[in-house]
Structure formats: C-alpha cells, structure tokens
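The values are calculated or read from the model by the stated rules, or taken from the named source; none is laboratory data. All of these numbers come straight from a predicted model, not from anything done at the bench. When we count neighbours, we look across all protein chains shown, and the Cβ atoms used for this are built from the backbone with ideal geometry, even at glycine. Just so you know, the surface numbers come from the protein's heavy atoms only, side chains and all, with ligands and any DNA or RNA stripped out. Shrake-Rupley method; radii C 1.70, N 1.55, O 1.52, S 1.80 Å.
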Amino acid sequence: MPKVGEEMNNAEIIKNAMDDFKKIQTYMLIAKEENATKTYNTLKDEYLSLKALLTVLGVNLTDIDKIKE
C-alpha cells in the first residue's frame, strides 16, 4: 500500500483490481447459489465497475471472468 503522497503504479492498480475482481466473483457465485438476489445485484454493480476498469487497463478477462455478464 502506498504511503501518503506516493502514487500507485499501473501494476499495483491492476493487481489490486484483479484481487477485488476475484473476490467479488466468488461472493457473486455464493449469492447466486443461495438465491440472495439483492446481494447478487449489489455485488454485480461492483463487478461491472471492476470489469470496466480492468478492460481500460488492458487486462484480458477471458480466462478470469467466471460470471461473464
């Protein structure tokens, strides 16, 4: 984690976003399995934001996107 006044480089941003993307997908799959529709839809908003960010950063999501929405 960067100290105050330091900027994160692209590699750190991508790694953090990918870690979050992986966690969100896991939570979405659990929510879907438990028929927790509201939880799933809330997580989906975060999933779509992270997916957009990773796409802009040039990350190929083909192999890591389990949800495919």
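Does region 49-69 hold any residues that are open to solvent by 60 Å² or more (accessible area, probe 1.4 Å), without any contact (Cβ under 8 Å) to a residue 24 or more places away in the chain and in a helix (DSSP H, G or I), and which are they? Within region 49-69, S49, T55, V56 meet the criteria.
Against the conditions (1) open to solvent by less than 70 Å² (accessible area, probe 1.4 Å); (2) more than 13 Å from the chain's Cα centre (by Cα); (3) at pLDDT below 95, I13 satisfies every one except (2).
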